[in-house]
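In what follows, a single structure is set out as structure tokens and then discussed.
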Protein chains: 2
Amino acid sequence: MPEFLKLIPIQQALNVLLQQMVVKVETERVHTLEALGRVTAEAIRSPIPLPTFPRSTVDGYAVRAADTFGASESLPAYLRLSGEIPMGSSPGFDINPGETGLIHTGGMLPESSNAVVMIEYTQQVAADTVEILRSVAVGENIIKIGEDVQPGEEVIPAGRRIRPAEIGGLAALGILELEVRHKPVVGIISSGDEVIAPDGKLTPGQVRDINSYSLSVLIEQTGGIARRYGILPDQVDALEAACRHALEECDVLLITAGSSASARDLTARVIDQLGSPGVLVHGVSIKPGKPTILAICNQKVVIGLPGNPVSALVIAGLFVVPVVESLLGLAEVGVRRKLIARLNTNVPSQAGREDYVAAKLYEDQQGYHVDPIFSKSNLIFSLVRANCMIRVPADATGLTAGELVDVYLLT
Amino acid sequence: MPEFLKLIPIQQALNVLLQQMVVKVETERVHTLEALGRVTAEAIRSPIPLPTFPRSTVDGYAVRAADTFGASESLPAYLRLSGEIPMGSSPGFDINPGETGLIHTGGMLPESSNAVVMIEYTQQVAADTVEILRSVAVGENIIKIGEDVQPGEEVIPAGRRIRPAEIGGLAALGILELEVRHKPVVGIISSGDEVIAPDGKLTPGQVRDINSYSLSVLIEQTGGIARRYGILPDQVDALEAACRHALEECDVLLITAGSSASARDLTARVIDQLGSPGVLVHGVSIKPGKPTILAICNQKVVIGLPGNPVSALVIAGLFVVPVVESLLGLAEVGVRRKLIARLNTNVPSQAGREDYVAAKLYEDQQGYHVDPIFSKSNLIFSLVRANCMIRVPADATGLTAGELVDVYLLT
């Protein structure tokens, strides 16, 4: 009954899965205002130059730069004021040699002007005369047509998750619809004779199903659609039937095993029957989450997660999130940004496996500090109390108080 | 016409606003599965202990610890096997002195047992006899009733943004509904004679409204509801009427000014007429975003944002996001986590103001590196090309290539 798993490092295990998984490309069209968090299905090219006209970047006077050469406070240049350039329309007049026009930030430059003198370095000395106190170079204080974006230029690559900046950029170009990837559908099955639904009444020996809920929202957070298929007993036939049904409707299937070793072995057996090639990885050198199963069954990803809710969330963050990102077509998959923090307490570990320890990060004048939250057997509320996870690298036998460690925020 | 603003540091400006703003507490009840990203309106206490029964954390044998004292590989203890404890129900038998029972991870301990010996340190030598090869202490390999959570204990504080971990914790406790804060409604008005709607056709001198779109989705990302009130010309009466109408329907009003100095001055004048105390801050020592206006009008926050779309997004991140977080009742407001990266290129700056520079962060074996993206006048696609902002502290006259700098991810 003891487990003899061949443990594989996290990155290697993930690569095995990502390399063999089949990504079906399905897309849909959404309004730009509904596209936040969605992933572009194709590169977006600009239909127009941006800006579409030469604009002033300051409040000042539009000039021919040559007319200002040599101008200084002691020896100003004097230009004839031809008028004020209105906002939102063509200037209505041109700048001939020796002439200038009042222009506002964002205003359109008259055709023959090629620079703007900031208002701070000018003085209107008569109704039709402006004193220029500083010279400007050609192109100074203006943005040329197409300086931000050229017509036909790729402005957003395929596989980009849309942020407020992209939505702004699309609005600037007048692009009000875009093609995004479908949200992958991830099925979740909980198993375990001891597990009941969260709305059930507990009798002695029973626990409520945490994983269906926590994994559902993690999947939604990542940009997928979660579908829950209930709780199955530790019974091969029933579990297998439920898995087959779920696999027909989903792109990915997650099975969280009961927590006993026999329940976990049963999950592996069932997964192997769901289709070929079946189980690719059984056992990852990580704590928590060692008995993780990564599989592909008839071109669909199936992941067997530990029953322990903390282990399940940690493993889902490391394996399910990249799988969903990959199905979304994201250009970068599995990127996790780390913060560096000073550790307040020793963290023991074993060499040869990567550990993740729930912890509390805080900032003071000296920077970031982190307090590990030790809990027996990874109780769910240790994670609720945490705002980050400390990573103990595989080659470390522990971390020492005072050293700088890698932490990943829990969001 | 030049601006003479009294510039105030960012944190001081934010504090002025947060201290004077009035937070109206309105709540609603949502299903736990719909609560991701919402903010708890009240502390949540556990109705039950967790676990609800003493559980084994390993696969092994439930024992009275005293029966194992002195046991070793060379001198094992022999215990009588009373049976196997089923998952999901009461053990059905007790452990008398000299007895043991097979138990699985998560199984319920028989009443008189007080420890579990891991299966690795046991051997079943006959149908009814188990050899114990190591002693265990009282409490070893078990979780006691209430060890994760005590009945009545506060498990989630008020003002906490709900993450997958909290959803899991609530499922564990059978809490399927919770009280969360209303989403604050943020109105957005764009102004500027040169600004047209994103779906409009450009004529020379015109630009499309970027800010209504980018700010809308930023507000939704933060947990608010955005309401767009269109684009107003640079005209006091029309702008004021639109603002009054919006303020009746919203908790916060954002006005992005036209980009010329006169348009910005007009915004300040209009805001001052909307109610007392009116403008609190006009001018923040930051680049981009100097001409920011922070105001409270009849107990509602009104923020005048620069018309430049990059400036508007940077300022919204620094001021609008904390205002929405504050209205949501978040315990921590305005917390931004920074990464440390090595700078690839010099970044010039002026002492006395905080600068934010769009940049590209990447990671290699040596850690994080960051490339600033320089762009004239903060063009929107410089932000689209960026994945972070570099912060240049107010006391620095610039940053030097090779130094470690603070960066904030753009999400």
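Just so it is clear, none of the values below were taken in a lab; they were calculated from the coordinates. This structure is a prediction, so every number in the text was calculated from the model and none was measured. Every residue, glycine as well, gets a Cβ built from its backbone with ideal geometry; the counts of neighbours run over all protein chains shown.
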Per-residue Cβ counts within 10 Å, from other chains only, averaged over A:138-145: what number is that? 1
Quick one: what are the phi-derived ³J(HN,Hα) couplings along the stretch B:354-370, Karplus 6.51/-1.76/1.60 with θ = phi - 60°, whole Hz, x for glycine and proline? 8, 10, 10, 10, 4, 7, 10, 9, 8, 10, 9, 4, 7, x, 8, 10, 9
Within 10 Å of each residue's Cβ, count the other Cβ atoms and sort A:30, A:370 from fewest upward. A:30, A:370
Can you grab the distance from the C-alpha centre of the stretch A:1-76 to the C-alpha centre of the stretch B:161-221, Å, no decimals? 20 Å
Which links in B:201/B:287; A:287/B:144; A:183/A:300; A:24/A:338; A:338/B:360 stretch past 26 Å when you go from one Cα to the other? B:201/B:287; A:24/A:338
Whole-Å semi-axes of chain B's equivalent ellipsoid (Cα gyration tensor): 62, 26, 17
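Count, for each residue of B:214-220, the Cβ atoms from other chains sitting within 10 Å of its Cβ, then give me the mean as a whole number.
The per-residue average across the peptide is 6.
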Overall Cα dimensions of the stretch B:126-282, principal axis frame, Å, largest first: 93, 37, 27
Mean residue ellipticity (222 nm) of the protein assembly as shown, computed from DSSP H runs ≥ 4 via -39,500 (n - 2.57), nearest 500: -5500 deg cm²/dmol
Label zone at residue B:249 (point 7 Å along Cα-to-Cβ), backbone N below 11 Å, the stretch B:195-239: B:227-230
Rounded if a/c is under 1.5, else prolate if a/b is larger than b/c, else oblate: which is the stretch B:334-411, with a ≥ b ≥ c the root eigenvalues of its Cα gyration tensor? rounded
To two decimal places, what compactness ratio does the stretch B:55-143 give when its Cα radius of gyration is scaled by 2.2 N^0.38 Å? 0.93
Could you tell me whether the stretch B:189-245 comes out rounded, prolate or oblate from its Cα gyration tensor? Rule is a ≥ b ≥ c as square roots of the eigenvalues, rounded for a/c under 1.5, then prolate if a/b exceeds b/c, otherwise oblate. oblate
Neighbour counts of other C-beta atoms within 10 Å: give me A:296, B:103, A:380 arranged from fewest to most. A:296, A:380, B:103
Sequence order, the stretch A:73-90: Karplus ³J(HN,Hα) from phi using 6.51 cos²θ - 1.76 cosθ + 1.60, θ = phi - 60°, Hz rounded, Gly and Pro as x, gives 4, 7, 9, x, 9, 10, 10, 7, 7, 8, x, 10, 7, x, 6, x, 8, 5
Can you list the distances in nanometres, one decimal and ascending, from the residue A:409 label point to the identical position in each other copy, with the point 7 Å along Cα to Cβ? 0.7
Mind jotting down the distance between the C-alpha centroids of the stretch A:291-339 and the stretch A:103-153, whole Å? 54 Å
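Once you have a ≥ b ≥ c as the square roots of the Cα gyration tensor eigenvalues for the stretch A:342-382, tell me rounded if a/c is under 1.5, and otherwise prolate or oblate according to whether a/b is larger than b/c.
Note, shape of the stretch A:342-382 comes out oblate.
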Table column - 3J(HN,Hα) (Hz), the stretch B:330-336, Karplus curve with 6.51, -1.76, 1.60, x for Gly and Pro: 4, 5, 10, 10, x, 7, 10
hull vol. (C-alpha, convex hull) per residue for the protein assembly as shown, Å³ -> 162 Å³
